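The values are calculated or read from the model by the stated rules, or taken from the named source; none is laboratory data. This is a predicted model, so every value here is computed, not measured. Methodologically, a virtual Cβ is constructed for each residue, glycine included, from the backbone with ideal geometry; neighbour enumeration extends over all protein chains shown.
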Protein chains: 2
Amino acid sequence: MIVVRTTGHLFDRQIRHPQWEADNATLQRWLKELNLGGVILLGGSAAELSLKTQQLQSWATTPLFIAADIEEGVGQRFPGATWFPPPMALSAIAKKDIILACDYAYQMGAITAQEAVATGINWLLAPVVDVNNNPDNPVINIRAFGDNPEIVSKLTTAFIKGAQQHPILTTAKHFPGHGDTVTDSHLELPTISHSDSRLTSVEIPPFQSAIAAGVDSVMTAHLLISAWDKNYPATLSPYILTQKLREELGFTGLIVTDALIMGGITKYASPAEVAVMTVEAGTDVLLMPDDPEIAIKSILQAVESGRISEARIHKSLKRIKQAKEKVENNFNASNNFNFSSQISETKGTQTVTKILKHSAQSSSNLPLKSPQNQSLRNLIITDNILNSNFLDICSPAITIPEKLGYQTQVLDSHSLDCILLNNNKTLLKIFIRGNPIRGTAGLSSKAQDIYEQLFKQEQVIGLIIYGSPYILNWFKTLITSELPWVFMYGQMPQSQAIAVQKIFNISSEVVKTTKQQNFGF
Amino acid sequence: MIVVRTTGHLFDRQIRHPQWEADNATLQRWLKELNLGGVILLGGSAAELSLKTQQLQSWATTPLFIAADIEEGVGQRFPGATWFPPPMALSAIAKKDIILACDYAYQMGAITAQEAVATGINWLLAPVVDVNNNPDNPVINIRAFGDNPEIVSKLTTAFIKGAQQHPILTTAKHFPGHGDTVTDSHLELPTISHSDSRLTSVEIPPFQSAIAAGVDSVMTAHLLISAWDKNYPATLSPYILTQKLREELGFTGLIVTDALIMGGITKYASPAEVAVMTVEAGTDVLLMPDDPEIAIKSILQAVESGRISEARIHKSLKRIKQAKEKVENNFNASNNFNFSSQISETKGTQTVTKILKHSAQSSSNLPLKSPQNQSLRNLIITDNILNSNFLDICSPAITIPEKLGYQTQVLDSHSLDCILLNNNKTLLKIFIRGNPIRGTAGLSSKAQDIYEQLFKQEQVIGLIIYGSPYILNWFKTLITSELPWVFMYGQMPQSQAIAVQKIFNISSEVVKTTKQQNFGF
């Protein structure tokens, strides 16, 4: 019943989060002695992952669940595989053409599942079925398939249907709906104070559709849903998980917790008590408990003391067994570099391009004509420059403007003051999106002040926003009708290539063949 | 006779330098139709490399040379394997204890070779045997085993002997010595105007030692050595390669060019002419010609026209065949994740720690006592923040000061002005070293001005320099006797951990268990 986190890298020296990622010796011992249910993987490339999953299965007593948070494709977390734009891009397309958007969602599910299976993942912790009806939501935001329950239901159902073309488990998350909060449950426990009727009409329908479509698991949210349970967060609430999800919604698959090391739950009760309470509430699988030995011991004690019945445990074990049987052909799927033929480079790239292009927005007066004989700046702003895997010296957002005479400057939230130090004509690029852990969804008030000043100085000659439509909306208060601008949902290099082609009106061939000065050292 | 560059990644979408890295379809065609001699790999992790080398050998008609520029360990280029500090660290140790330094050099050669073999590399493009007697050398610098010919000879011989414990080819580079230049041959053709006697007494001895130790190949330098050949760069000079290297020094192994796409040679003649001239000069293997089809065609035409004799080609082919026979057991060495047992994590990490600690320097008045109730800044300066693979959110240089209340700020050469914007008490960390392509070895004059002002403001409370002892020497003119400082040759996380332990006087256990706020998203 326990799933622990580990890295997709092979070597201990590549562990980046030692507090959550056990070293190989410990993990091997756990798999042997504790007979763990599975792992959730983060870190490493698709190729590394294909080796790591083989290694993990070879260490396991019982074939393992191998799960990953690959909501935006395997390539979102594991480079080499297909990296899709955030789901909200599909919602933007759906508002124009719901059939096309559903087709893209289906392809996104199918390609993600195919590549996951190729790399040895058998449990897809996607789709997010939350309805993001709060632009300030710091944690769901553009990870959602939109702000409209009906569209979210249709798109996530299409995603699930696509994924079902391959032997993999799917997950609807985060029950009963994490879309309307301004608190990040990775840090604190949010309270949702909506009425029962509002929950039933907005938050719940996408879960009902997912269940009807045969979703294999539902992930619980670390949220206090006061209309349903004033005392226990959903993850620990028998009323929400058993009464609502199992009985009223009739869900017979796996109930899995969100990560139990998240602040929203660790601040509520001790790790031992959380483990027991979530099983009491109806959970089958405990994701990332702080210490698997403590979690197992405390559940065992609760059974021995009669607090939890053996029958309750057996029900979960039966569901786990059924889920594993469904994907049993997938426990040794990946094999050497042959796995690479199952990474759909051509189809994946084409589908991503279509979604990016159909969801892009731009001003009417393109292209940007770079002023002659003036100093030009390509100013790139990210949240945290050390956590920006979409950017490197070879990214189109860097290389193409360099080729056109722009000087690169990359700044992040720790250096916003520097933005105003430079008087060059500036192509401003914002790479900021709602993301877990960040704590906020968009621009800080300090950042807003600085951008307002920058625009007052009339140095901004072009604007590209990568990621959040909410940030585009804020900038729309500043931009004049003459300013060339482009908005893209994706932040990855493929999205950058499209944006620079668009803003400068250059061909994809030019982007592809632009030479870099550096040799890669 | 042709070695082309490719990426260690498996997928086309991971190609970062399309002008030098062919896509898989092209590479497969070349290997089949052109029967290429081998590849040089850059990019990807050690795990990816182990898959990529298998794939490449499976595509090849004749077993391939698989080469890599892993002068500082396989981990320098391919994460997961052991990453050594730059060779000049060994020179610093040699000045105190030559026997210990030679032991480290031997271990460095042995561990590098073992891990290279494990990942499928059979040709080590190391050691650098250049004598770096010019602190402003922008390209060799700390890649050299020091500035003293005798020490360089001893250390590089030890490295070669260590490497010879494993079935791999070694390389002495860059003939006849690239240590005394202020021009980067990646960009322009440098001229060395030393006399014959100086060359014979300083530059040549390490090559003689390497040849005596049985080095398998010698790499040519793109340098004009005016005392020896006023017209042709060494790479294209029959006098230097055939007369000097083959006949006078008696070298019977492989002569390989430095990369033929480097500015130092492309600006000298056309790709077709360069290919013919280097073979005429005595080269056996052409590394990274701009286009392998053009190189092969032009050499073929030169043979047909009688400009190059068939016998000359056969001599090279014979040497290539002999070299490949030496490593033939290594063409299919890597196999699944089992290769990982040959990555010496424990021994590698221990050896690196010893070298880092023995080559570190520091002020006498450690530890740094962080002032109470004041704003603290952890200011990190790199050359190019987008090309700083030693730094991420989980690096000790970031996490430990954050834990101690310092606010991180990361700036690079494009944002030096920002350094002075902030009045907080500053722990200054410089990550700059001589590196190919950068064009300069140390601090720009603008950077020097800014650091002078920063020190005048008396905000610097501590200093850590990672990489270049020449930069330490420059800072010594600014620092007072009270300032706590540390100098480390290595820039990698392991070096950062040692430096922060030293400057704050904390245990390695604290460094290891410091929790990060982020979850790795």
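Of A:Gln491, A:Gln516, A:Gln409, all but one fail to be modelled with pLDDT of 95 or more, closer than 30 Å to A:Pro79 by Cα and within 12 Å of chain B (Cβ to nearest Cβ); the exception is A:Gln409.
Taking the range B:201-237 on its own, how many of its residues are surrounded by fewer than 16 Cβ atoms within 10 Å (Cβ to Cβ) and at negative phi? Full working, then the answer.
Step one: of the range B:201-237, the residues surrounded by fewer than 16 Cβ atoms within 10 Å (Cβ to Cβ) are B:201, B:212, B:214, B:226-227, B:230-231.
So of that shortlist, the ones also at negative phi come out as B:201, B:212, B:226-227, B:230-231.
Matching residues across the range B:201-237 total 6.
Can you confirm whether the range A:147-157 contains a residue that is assigned to a loop (DSSP other than H, G, I, E, B) and either more than 17 Å from the chain's Cα centre (by Cα) or of a type in the set (D, E, K, R) (or both)? Among the residues of the range A:147-157, at least one is assigned to a loop (DSSP other than H, G, I, E, B) and either more than 17 Å from the chain's Cα centre (by Cα) or of a type in the set (D, E, K, R) (or both), which makes the answer yes.
So which of B:Gln322, B:Gln372 ends up being farther than 30 Å from B:Pro86 by Cβ and surrounded by fewer than 13 Cβ atoms within 10 Å (Cβ to Cβ)?
On the way: B:Gln322 fails: surrounded by fewer than 13 Cβ atoms within 10 Å (Cβ to Cβ).
B:Gln372 is the lone residue from the list that is farther than 30 Å from B:Pro86 by Cβ and surrounded by fewer than 13 Cβ atoms within 10 Å (Cβ to Cβ).
Inside the range A:116-167, can you point out the residues that are among the polar types (S, T, N, Q), surrounded by fewer than 24 Cβ atoms within 10 Å (Cβ to Cβ) and at pLDDT 95 or above? Give the derivation first.
Narrowing the range A:116-167 to residues among the polar types (S, T, N, Q): A:119, A:122, A:132-134, A:137, A:141, A:148, A:153, A:156-157, A:164-165.
Still in the running and surrounded by fewer than 24 Cβ atoms within 10 Å (Cβ to Cβ): A:133-134, A:148, A:153, A:164-165.
Passing the criteria: A:Asn148, A:Ser153, A:Gln164, A:Gln165.
Would you mention how many residues in the range B:80-92 are within 11 Å of chain A (Cβ to nearest Cβ) and either in contact with a Leu (Cβ under 7 Å, 6 or more places away or on another chain) or free of Cβ contacts under 8 Å to residues at least 40 places away in the same chain (or both)?
Kept after step one, since they are within 11 Å of chain A (Cβ to nearest Cβ), are these residues of the range B:80-92: B:80-83.
After this cut, where a residue has to be either in contact with a Leu (Cβ under 7 Å, 6 or more places away or on another chain) or free of Cβ contacts under 8 Å to residues at least 40 places away in the same chain (or both) as well, the list is B:80.
Selection size over the range B:80-92: 1.
Here is the figure for the range B:465-483: residues that are aliphatic (A, V, I, L, M) and in contact (Cβ under 8 Å) with a residue 40 or more places away in the chain total 4.
Of the residues that sit in the range B:47-65 and are out of contact with any Lys or Arg (no Cβ under 9 Å at 6 or more places or on another chain) and of a type in the set (A, V, I, L, M), which one is farthest from the other protein chains (Cβ to nearest Cβ)? Let's see the steps before the verdict.
Initially, the range B:47-65 is screened for residues out of contact with any Lys or Arg (no Cβ under 9 Å at 6 or more places or on another chain), giving B:48, B:50-58.
Still in the list and also of a type in the set (A, V, I, L, M): B:51, B:56.
On the way: B:Leu51: 4, B:Leu56: 10 Å.
Here the answer is B:Leu56.
Counting only residues that are polar (S, T, N, Q) and in contact (Cβ under 8 Å) with a residue 12 or more places away in the chain, which one in the range B:37-61 is surrounded by the fewest Cβ atoms within 10 Å (Cβ to Cβ)? Once the filter is applied, the top-ranked residue is B:Thr61. With respect to (1) at the interface with chain B (Cβ under 9 Å from one of its Cβ atoms); (2) over 19 Å from the mean Cα position of the chain (by Cα), the lone exception for A:Gly43 is condition (2). Here A:Leu317 fulfils each of the conditions (1) touching an Asp or Glu at 6+ places or on another chain (Cβ under 9 Å); (2) modelled with pLDDT of 95 or more; (3) crowded, with 19+ Cβ neighbours inside 10 Å apart from (3). Looking across the range B:250-283, the residues that are surrounded by 17 or more Cβ atoms within 10 Å (Cβ to Cβ) and in a loop (DSSP other than H, G, I, E, B) come down to B:Phe251, B:Gly253, B:Thr257, B:Asp258, B:Ala259, B:Leu260, B:Ile261, B:Met262, B:Tyr268, B:Gly282, B:Thr283.
In this structure, is B:Glu188 of a type in the set (Asp, Glu), surrounded by fewer than 24 Cβ atoms within 10 Å (Cβ to Cβ) and at pLDDT 95 or above? No: the conditions fail for B:Glu188.
List the helices (runs of 4 or more DSSP H) that sit entirely inside the range A:307-415 and contain at least 2 residues that are under 21 Å from the mean Cα position of the chain (by Cα), in contact (Cβ under 8 Å) with a residue 40 or more places away in the chain and closer than 30 Å to A:Tyr470 by Cβ.
Working: elements: A:310-326, A:345-359, A:396-403.
It comes to A:345-359.
Filtered by the rule that a residue be in contact (Cβ under 8 Å) with a residue 12 or more places away in the chain and under 16 Å from B:Ile204 (Cα atoms), the range B:236-262 gives B:Ile240, B:Leu241, B:Thr242, B:Lys244, B:Leu245, B:Arg246, B:Leu249, B:Gly250, B:Phe251, B:Ile255.
One residue is enough: does the range B:348-364 have a residue meeting the conditions surrounded by fewer than 18 Cβ atoms within 10 Å (Cβ to Cβ) and either over 24 Å from B:Tyr104 (Cβ atoms) or of a type in the set (Phe, Trp, Tyr) (or both)? Looking for residues that are surrounded by fewer than 18 Cβ atoms within 10 Å (Cβ to Cβ) and either over 24 Å from B:Tyr104 (Cβ atoms) or of a type in the set (Phe, Trp, Tyr) (or both), one finds at least one in the range B:348-364, hence yes.
Let me confirm something: among B:Ala118, B:Ala110, B:Ala144, B:Ala126, which residue is free of Cβ contacts under 8 Å to residues at least 60 places away in the same chain and in contact with a Phe, Trp or Tyr (Cβ under 8 Å, 6 or more places away or on another chain)?
Details: B:Ala118 fails: free of Cβ contacts under 8 Å to residues at least 60 places away in the same chain; B:Ala110 fails: in contact with a Phe, Trp or Tyr (Cβ under 8 Å, 6 or more places away or on another chain); B:Ala144 fails: in contact with a Phe, Trp or Tyr (Cβ under 8 Å, 6 or more places away or on another chain).
Every option except B:Ala126 fails the conditions.
Of the residues contained in the range B:21-36, one or more are found to be of a type outside the set (Gly, Ala, Ser), under 26 Å from the mean Cα position of the chain (by Cα), crowded, with 21+ Cβ neighbours inside 10 Å and facing another protein chain (nearest Cβ under 10 Å).
The residues on offer are B:Lys446, B:Lys429, and the sole one that is within 14 Å of chain A (Cβ to nearest Cβ), among the basic types (Lys, Arg), closer than 27 Å to A:Ile381 by Cβ and part of a helix (DSSP H, G or I) is B:Lys446. I want to confirm something. Restricting to the range B:117-146 and keeping residues that are in a loop (DSSP other than H, G, I, E, B) and of a type in the set (Gly, Ala, Ser), which single residue is farthest from B:Leu223 (Cα to Cα)? Result: B:Gly120.
Applying the set (1) in a strand (DSSP E or B); (2) within 14 Å of chain B (Cβ to nearest Cβ) to A:Glu188 leaves exactly one unmet item: (1).
Quick check on the range B:441-457. Is at least one of its residues β-branched (Val, Ile, Thr) and modelled with pLDDT of 95 or more? Yes, the conditions are met somewhere in the range B:441-457.
Scanning the range A:414-425 for residues that are more than 7 Å from chain B (Cβ to nearest Cβ) and either crowded, with 23+ Cβ neighbours inside 10 Å or touching a helix residue (DSSP H, G or I) at 6+ places or on another chain (Cβ under 7 Å) (or both) yields A:Leu416, A:Ile419, A:Leu420. Among the conditions (1) touching a strand residue (DSSP E or B) at 6+ places or on another chain (Cβ under 6 Å); (2) in a loop (DSSP other than H, G, I, E, B), the only one that A:Thr235 does not satisfy is (2). Is it the case that some residue within the range A:128-138 is farther than 24 Å from A:Gln342 by Cβ, of a type in the set (S, T, N, Q) and under 13 Å from the mean Cα position of the chain (by Cα)? For the range A:128-138, residues farther than 24 Å from A:Gln342 by Cβ, of a type in the set (S, T, N, Q) and under 13 Å from the mean Cα position of the chain (by Cα): absent. For B:Thr7, the conditions (1) buried (at least 24 other Cβ atoms within 10 Å of the Cβ); (2) within 11 Å of chain A (Cβ to nearest Cβ); (3) closer than 30 Å to B:Phe487 by Cβ are fulfilled apart from (3).
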